[in-house]
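Bear in mind that the values in this text are calculations on the coordinates, not laboratory data. Just so you know, these numbers come straight off a predicted model, no measurement behind them. Cβ coordinates were reconstructed from backbone atoms using ideal geometry, including for glycine residues, and neighbour counts include every protein chain displayed.
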Amino acid sequence: MIKMSDLTKKYGGRFALAGLDLALGTGVTGLLGPNGAGKTTLLRCLATTLAPDGGSIDAFGLDPADPVQRTALRRRLGYLPQDPGFYPHFTAFDLVDYVAILKELTDRERRHAEVRRVLAEVDLTGQAGTKVRKLSGGMRQRLALAQALLGEPDLLILDEPTVGLDPAQRMLFRTLVSRLGESRAVVLSTHQTEDVAALCERVVVMRDGRAVFDGTPGELAEVAAGQVWLSDAAPPASRVFWRTADGRYRTLGDRPPSGDATAPGVEDGYLTLLGEAA
Amino acid sequence: MTTGWHISDDLRDGYLAGTLGTALALSVDAHLGGCARCRASVPYDGDWLEASWGRLETELIRPRPSWSERLLRLGGVPGHVARLLSATPTMSRAWTVAVVAALAFAVLAARQQADLLPAFLILAPVLPLTGIALAYGPRVDPAHELMAATPLAGPRLLLTRATAVLAVATPLALIASPLLPAPPGLSAAWLLPSLAAASGCLALSNRLPVPIAALAVGGLWLAVVGTGRLTGGWLAPFEPAAQVAYGLIVLSSSFHLYRLSIK
């Protein structure tokens, strides 16, 4: 469905994407990686807002390097950027309506119906008439998600979509995205490993512009198998550890004195994989 | 509000079943609005009520057109294009620059300043470029990244916005032209260079960021004027042969833009 081959992008002397190969299909794919790993650059290339320096992208048989095919691809994607930027004097309805026009929904009645639909999807119906500047951070994030849903896109690109959402809103987001992922390609970048564990059937870990892991969340967790421990005594201060709710110490790496092995999670796998780079 | 009278069970059942006459139903409605005890005896689905209010609220909320949007619609601009042009602050800035520049020229021209003509002819083609540079791009539009992934982004949106800026700036500058202390032909000699600069900038913007394209075209124009001054006087870039060249640039750039906009 979507294939990226040998993708490169350089900022100054540093490679943000260093020959990345990645294929995406129907379902939810999560991108994990430390800051500067290239996640946002990758998503921007995929969203056609940034041209890669080298390599190719084939999305639904369309090549975004070609202006005509780029426009055709834009008709099939929804994009929530990391920093969406808003016009603060717009109401929530105005903003989504404006994006709907840019998405070529010219008929007023149809467009307004679609705006109402996506606002309802993100539970912002009650705030439709509220100015953007008066919305909370979580509401703005949901508003940004709403505009991405316009026109039921085949490819949904979400750059850190859960930033600023409270637990209830994150549940709503997970429900919505997992439903969308049943019939289309959804790719999201996040620092929240629990979102990846809960939502994504596939996870890609990026570092220095390359994919260093590509598999299921379970497989990522398995990377840390036999390296996660619970102990009654605090491990040496040089190790990273924390005290859990039941008063034991959880640590990653070599077995601490009197440590009991415990099941690893996605976060453990991620930290083990990236080491200090995480 | 509390009252001594409360609706009977029969009345309540009739109200819930919808069998009461209109007048009686409205009376019960009014009573329920003021009597907490009777209201509590009428079962309702809170979630349904909230969702219904939400739907009703959204149905009632429609974008209220701004004065500029209404004006554009009155001028025959399609509703969605009018909304596109009038909604964003970037367009307001571009329009403001265009209008202020044209009016400033008009005021100066009216004062019949002796050195104004060369300045007017040289700067008039550059001013629309400023408007275009202010109309589109990540540095001037806070929501640029959000909009850039939409099908209308790029040449089509830029062309729409630039046309809107030119549609305001050009007629205003044309109004200012006759006030200049020069023959009519010469006072309008800026028009083709101006259109050539604007269309050239738009055509270049397919390859370069808009502000860079505007700077490049503006710089090229000033270089042309400077060369003309060194070789044959400052009027050389406005003579008929040069005007033909500007006309050809306008035609070829417009054709290129047309092809881009229909893709």
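Miscellaneous remarks
- For the protein assembly as shown: rounded, prolate or oblate by the Cα gyration tensor [a/c cutoff 1.5]: oblate
- Report note on the peptides A:35-45, A:65-75: ranked by the mean count of other C-beta atoms within 10 Å, highest first, their order is A:35-45, A:65-75.
- Residues A:ARG133 and A:SER258, FRET efficiency given R0 of 56 Å [Cβ-Cβ distance, rounded to 0.05]: 0.50
- Here r is the Cβ-Cβ distance between B:TYR258 and A:ARG75 and R0 is 22 Å; the resulting FRET efficiency, rounded to 0.05, is 0.60.
- Cα-based shape type of the stretch A:85-152, given that a ≥ b ≥ c are square roots of the gyration tensor eigenvalues and the cut on a/c is 1.5: prolate
- About its Cα centre, the protein assembly as shown has a charge dipole of approximately 1820 debye under the convention of +1 per Lys or Arg Cβ and -1 per Asp or Glu Cβ, with nothing else charged.
- Shielding by other protein chains, B:69-79, mean Cβ within 10 Å: 1
- Chain A: antiparallel DSSP beta bridges as a percent of all, rounded to 5: 60 percent
- Positive-end residue of A:THR49, A:VAL68, A:VAL99, charge dipole of the stretch A:44-134 with Cβ unit charges: A:VAL99
- Shielding of A:94-103 by partner chains, average beta-carbon count, 10 Å: 6
- Between A:GLY181, A:GLY137, A:GLY33, the GNM of chain A built on Cα springs shorter than 10 angstrom shows A:GLY137 fluctuating the most.
- Test item: B:150-160 mean partner chain Cβ contacts at 10 Å: 5
- Working ranking of peptides B:37-48, A:4-15 by packing, defined as the average number of other Cβ atoms within 10 Å per residue, highest first, is A:4-15, B:37-48.
- Cα gyration tensor, the stretch A:107-183 - rounded (a/c under 1.5), prolate or oblate: oblate
- Rounded Å value of the spacing that divides the Cα centres of the stretch A:187-250 and the stretch A:111-175: 29 Å
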